[in-house]
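Values in this text are rule-based calculations from the coordinates and carry no lab data. Just so you know, these numbers come straight off a predicted model, no measurement behind them. Cβ: placed from backbone, ideal geometry, glycine included. Neighbour counts: every protein chain shown.
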């Protein structure tokens, strides 16, 4: 697994920029037969990604435009399709016109690796395994934490999906771009009236995290940790002066700040309190 660091989060470089991709993939000269995704699978994938009217759906290697068109027509989203093949782009535009969603869709003839995808909130893919892998750096570089990615048939190598669903003998894979939480974080103690400073140290491999919290001078391994997009949660349990204390931390990651609440059970500080951490070391 490739570890994500604040300084190295984006250091997964594109290995190949000019290679043959076709059909639902990209190439300078398409040379692989276009295989459309079954419509029932398109709908299932868009539902899994919880596409709605606030989303901008990018289909990289859009073929005949079916993902983009269904996202616009059935889910109210705005859609952008990218394909290197001018024939497919022409077909996509015609299909969008027939479906009365031309005003909510855009189709770009171009190289998906050179297309700016920063506005996307959902990205759909039907590429090849090696192309998904080569696309990964672009996804981490350009997409915001919380952006949903869904791929038919092909995975992302050692980036494990958040979910994998079987449909008609094939699988589709679902990921959420994780925030970068690697580093050392400081926060005011949730005990002793906030007069002390506690520390959280996190390590990260994609959406998988592990770490330790230092409270009252004791270093404690975090449990039940989960990172989904920009939402982080974990718990700690320890004994303080003979009392068992459990803390459940929940927060939203915004750059070098995590802000949320901590629920405390047991001990003199029981209750729900605000919690805010600042990253001090990357």
Within segment 223-250, the residues whose backbone N lies under 16 Å from a label point placed 7 Å from the Cα of residue 263 along the Cα-to-Cβ direction are 223-226, 232-237, 245-250
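Restricting things to Cα coordinates, could you compute the convex hull volume per residue of segment 183-281 in Å³? Don't skip to the end; give the middle numbers.
Working: hull volume 8.7 nm³, N = 99.
Output value, Cα hull per residue: 88 Å³.
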Out of the DSSP beta bridges found with both residues in the chain, what percent are antiparallel (nearest 5)?
80 percent
With a Cα-only, solvent-free Debye model of the chain, what are the log10 I(q)/I(0) values at q = 0.12 Å⁻¹?
-0.78
Averaging sequence separations of C-alpha pairs under 8 Å and six or more residues apart, then dividing by the length of the chain, give the relative contact order as a whole percent.
14 percent
Return one number: the angle in degrees, 0 to 90 and rounded to the nearest 10, between the long axis of the Cα atoms of helix 39-48 and the longest principal axis of the Cα atoms of the chain.
20 degrees
Taking every pair of alpha-carbon atoms in segment 58-101, what share in percent sits in each 10 Å bin, from 0 to the bin with the longest distance?
35, 57, 8
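In nm, what is the difference between 0.36 nm times the number of residues separating residue 165 and residue 111 and their Cα-Cα distance?
Values: separation 54, 0.36 × 54 = 19.44 nm, distance 2.87 nm.
So the extension gain works out to 16.6 nm.
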In terms of the ratio Rg/(2.2 N^0.38 Å) built on C-alpha atoms, what value belongs to segment 149-210?
1.73
Which three extents, in whole angstrom, do the alpha-carbon atoms of segment 39-176 cover along their principal axes, largest first?
40, 29, 28
Can you tell me the orientation of helix 129-142 relative to the chain, as the angle in degrees between its alpha-carbon axis and the longest Cα principal axis, to the nearest 10?
60 degrees
Do you know the relative contact order of segment 39-176, to the nearest whole percent, from alpha carbon pairs under 8 angstrom that are 6+ apart?
21 percent
Tilt, helix 86-98 to longest principal axis of the chain (alpha-carbon atoms), in degrees rounded to tens, equals 80 degrees
